[in-house]
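Remarks on the structure that follows.
The values are calculated or read from the model by the stated rules, or taken from the named source; none is laboratory data. Everything numeric in this text was worked out from a predicted model, so none of it was measured. As a convention, Cβ positions derive from the backbone with ideal geometry for all residues, glycine included, and neighbour counts pool all protein chains shown.
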Amino acid sequence: MTDSQTYFHGTKADLKLGDLIEPGYVSNYGKRKQSAFVYLTATLDAAIWGAELAVGAGQGRIYIVEPTGSMEDDPNLTNKRFPGNPTKSYRSRSPFRIVGEVAQWKGHSPGQLKEMHAHLENLRQRGVEAIEE
């Protein structure tokens with residue numbers, strides 16, 4: 001697959017160059033069900049949110065990834081919830097290969113993190129779950 005777009009994946013997992021990020025593992029979010037998809041974004045900001053909000057005690061990491069198969073818009077962040085795809089977020093049933101890591105990035109402010117956690121808790125209390133069609 002040839003694509004000049006740079007894609008990112010934010011997580012707390014400590015992975016290595018060449019590793020594959022694949023579906024079938026416990027999700028970093030929500031009820032932590034086994035994931036049917038893997039997610040990536042073409043914006044650094046969305047990847048930063050991924051690294052900051054992922055479950056776990058490890059350091060947030062942002063990997064530069066290369067898709068190995070077809071992708072589709074992430075319905076959690078596109079037309080089903082927001083118009084268009086403002087975060088350029090996608091999902092796939094095919095793995096992503098790690099081709100690099102963003103070594104230095106600036107996280108969101110404590111206030112922004114608190115606000116996002118409150119928003120996610122509100123969604124959880126209302127029973128709104130990630131779309132995993």
Sole exception among (1) modelled with pLDDT of 90 or more; (2) in contact with a Gly (Cβ under 6 Å, 6 or more places away or on another chain); (3) not β-branched (Val, Ile, Thr) for Gly50, by number: (1)
Restricting segment 21-47 to residues that are in a loop (DSSP other than H, G, I, E, B) and at pLDDT 85 or above, the residue that is surrounded by the most Cβ atoms within 10 Å (Cβ to Cβ): Phe37
Residues of segment 71-107 that turn out to be β-branched (Val, Ile, Thr) and modelled with pLDDT of 95 or more, as a count: 3
